[in-house]
Amino acid sequence: MLPERTGYIVWVSDLKAARSLERFGTVHYMSRKMHYVVMYMNAERSEESVRQMGKLPYVRKIERSYRNELKTEYSKDTEDKTRTYSL
């Protein structure tokens with residue numbers, strides 16, 4: 001069974017030093033232009049990891065990702081208008 005994971009966006013000032021964030025979780029993406037790291041970590045240990053990451057000198061800000069809370073199943077309440085316009 002897979003553990004529950006949460007996503008975090010970590011804004012950094014130094015991308016070379018940001019490679020060391022892999023010890024806290026899985027680094028999914030590093031933006032060279034905007035200087036942020038998208039990473040996933042276990043939900044059980046996330047609060048302690050965020051506290052430790054916040055103490056690092058190259059971390060500017062940490063935001064939690066709300067992707068797993070977004071609605072991904074949609075209902076079709078309106079009828080499909082593409083059929084009336086087709087030839």
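The values are calculated or read from the model by the stated rules, or taken from the named source; none is laboratory data. Quantities reported herein were computed from a predicted structural model and do not represent experimental measurements. Positions of Cβ are generated from backbone atoms using ideal geometry, with glycine treated the same way; all protein chains shown enter the neighbour counts. Side chains are part of the model used for accessible areas, which takes the heavy atoms of the whole protein and leaves out ligands, DNA and RNA. Shrake-Rupley method; radii C 1.70, N 1.55, O 1.52, S 1.80 Å.
Using DSSP to call loops (not H, G, I, E or B), can you name the trypsin sites (Lys or Arg not before Pro) in the chain whose Cβ has at most 10 other Cβ atoms within 10 angstrom?
Numbers: sites: 5, 16, 19, 23, 32, 33, 45, 51, 55, 60, 61, 64, 67, 71, 76, 81, 83; in loops: 32, 33, 45, 55, 71, 76, 81.
Those satisfying the criteria are 32, 33, 55, 71, 76, 81.
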Report, in cubic angstrom per residue, the convex hull volume of the C-alpha atoms of the chain. 173 Å³
Select from 20, 41, 70 the residue farthest towards the positive end of the dipole of the chain; place +1 on Cβ of Lys and Arg, -1 on Cβ of Asp and Glu, and compute about the Cα centre. 20
Table column - 3J(HN,Hα) (Hz), the stretch 51-59, Karplus curve with 6.51, -1.76, 1.60, x for Gly and Pro: 4, 5, 5, x, 7, 5, x, 9, 8
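Tell me which GluC sites (Glu not before Pro) from the stretch 1-80 have a DSSP coil assignment and no more than 16 other beta carbons within 10 Å of their own. Show your work: numbers first, answer last.
Values: sites: 4, 22, 44, 47, 48, 63, 69, 73, 79; in loops: 4, 44, 73, 79.
For GluC sites (Glu not before Pro) across the stretch 1-80 that sit outside H, G, I, E and B with at most 16 neighbouring Cβ atoms in 10 Å, the list reads 4, 44, 73, 79.
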Heavy-atom surface of the chain, accessible at 1.4 Å and reported per residue (Å²): 86 Å²
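Normalised by the residues of the chain, what does the relative contact order come to in percent, with Cα pairs under 8 Å and at least six apart?
Details: 107 pairs, mean separation 31.4, N = 87.
RCO, the chain: 36 percent.
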